[in-house]
1. Given the criterion free of Cβ contacts under 8 Å to residues at least 40 places away in the same chain and either closer than 12 Å to residue 150 by Cβ or of a type in the set (Phe, Trp, Tyr) (or both), identify the matching residue among 319, 290.
2. Identify, from the list 288, 300, the residue that is in contact with a Gly (Cβ under 9 Å, 6 or more places away or on another chain), buried (at least 23 other Cβ atoms within 10 Å of the Cβ), under 12 Å from residue 142 (Cβ atoms) and not aromatic (Phe, Trp, Tyr).
3. Do any helices (runs of 4 or more DSSP H) entirely within region 101-208 hold 2 or more residues that are among the basic types (Lys, Arg), closer than 29 Å to residue 302 by Cα and at pLDDT below 85, and if so, which?
4. Among (1) part of a helix (DSSP H, G or I); (2) under 21 Å from the mean Cα position of the chain (by Cα); (3) modelled with pLDDT under 70, which single condition is residue 87 missing?
5. Take residue 216 and tell me if it is loosely packed, with under 12 Cβ neighbours inside 10 Å, on the phi < 0 side of the Ramachandran plot, in a helix (DSSP H, G or I) and modelled with pLDDT of 55 or more.
6. I need every pair where a residue in region 226-247 that is part of a helix (DSSP H, G or I) and surrounded by 14 or more Cβ atoms within 10 Å (Cβ to Cβ) has its Cβ under 7 Å from the Cβ of a residue that is hydroxyl-bearing (Ser, Thr, Tyr) and modelled with pLDDT under 75, sequence separation at least 6 or different chains.
Amino acid sequence: MLRIFTYIADLLTWQLFNLEAGSRIGEAVHFFIEDVTKIYFLLFLMIYVIALFRAGLDTERVRAYLSGKNRFVGYFLATIFGSVTPFCSCSSIPLFLGFTSAGIPLGITMAFLITSPMINEVAVVLLGSMLGVKFLVLYVVTGILAGVIGGALIDLLKADRYLTPIGKRAAGMGADNINVEGLPENGSALKIKLSMKERHVFAWDELKSIFSRVWKWVLIGVGLGAALHGFIPDGWITAHLGSGAWWSVPGAVLLGIPLYSGASGVIPVIESLLNHGLPVGTAMAFMMSVVAASFPEFMMLKQVMKPKLLIMFFIMLLVFFTLAGWLFNVLY
């Protein structure tokens, strides 16, 4: 289904704008159109569906299960769910916002946010065919451990205090205090059973509210990524990061952050880098950074996270990806 966005980008870039296929400006424009349309579609769909579901959810039961003694179970379940959802970092944001709004602990939502873009079925199949089953298992385990450890650290540091007022309001709002057609905004003690029409009203309001805050950051973030995606010369990465030096792994992670792409889009690039001699760990660290940490993602997250939490999240990803890259380089 998502191929339709590639078709739209082809139509606009090569036919309407008449840009030359393979040119740097053409590739940058194609990347921008395809990713903006895809992200907007997924934002619309996922925000609405999650809000519709949340309007009828017993959030108190969810909180009770995922809190306290079940917290580590929650981290693990979040990473498993993240592993089977075929989303890039930006496409995972609507689910992240929905989890936060449902009152699910921040650490559990962060565990999902870390794991979801790193592991999906496309990456699993392609990596397995390229590097073998043993590597594939190690890659999946690494992604799950990163999510569990990251989620636990977020809760240990009580990072929910660094949510923005919008994020805190979302985190404190569940199905028990939804304001629909005159129902009380702060009636947390009042159990509400909403009709399907009322759920639709709530979901539509939620969609308009979230989309109005993030749409411009998607344009800015994907625009920066497209510029770098289209204009970094071929062979530059291998030439500068292929030595196997210790610093090449964190260098690859930092380089990958602005080069936003989904896992399926970056796998062919990784294959080319490996064929040109880039060490496996350096290539994997680069891939993790590209798919799991991106400008558009941080632009959208700034709506619900204060700078301290964004920096904390950024450093956490940088450390996780660097350690994973060093490990892969040692083992392979």
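1. Numbers: 290 fails: either closer than 12 Å to residue 150 by Cβ or of a type in the set (Phe, Trp, Tyr) (or both).
Sole residue among the options that is free of Cβ contacts under 8 Å to residues at least 40 places away in the same chain and either closer than 12 Å to residue 150 by Cβ or of a type in the set (Phe, Trp, Tyr) (or both): 319.
2. Details: 300 fails: under 12 Å from residue 142 (Cβ atoms).
The conditions single out 288.
3. Numbers: elements: 106-118, 121-131, 133-156, 165-171.
Because the criterion is at least 2 residues that are among the basic types (Lys, Arg), closer than 29 Å to residue 302 by Cα and at pLDDT below 85, the helices (runs of 4 or more DSSP H) in region 101-208 that meet it are 165-171.
4. Failed condition: (1).
5. Working: loosely packed, with under 12 Cβ neighbours inside 10 Å: yes; on the phi < 0 side of the Ramachandran plot: yes; in a helix (DSSP H, G or I): yes; modelled with pLDDT of 55 or more: yes.
Spelling it out, residue 216 is indeed loosely packed, with under 12 Cβ neighbours inside 10 Å, on the phi < 0 side of the Ramachandran plot, in a helix (DSSP H, G or I) and modelled with pLDDT of 55 or more.
6. The qualifying pairs do not exist here.
The values are calculated or read from the model by the stated rules, or taken from the named source; none is laboratory data. Quick caveat, the model's predicted, so the values are computed rather than measured. Glycine also receives a Cβ, built like all others from the backbone with ideal geometry; neighbour counts cover every protein chain displayed.
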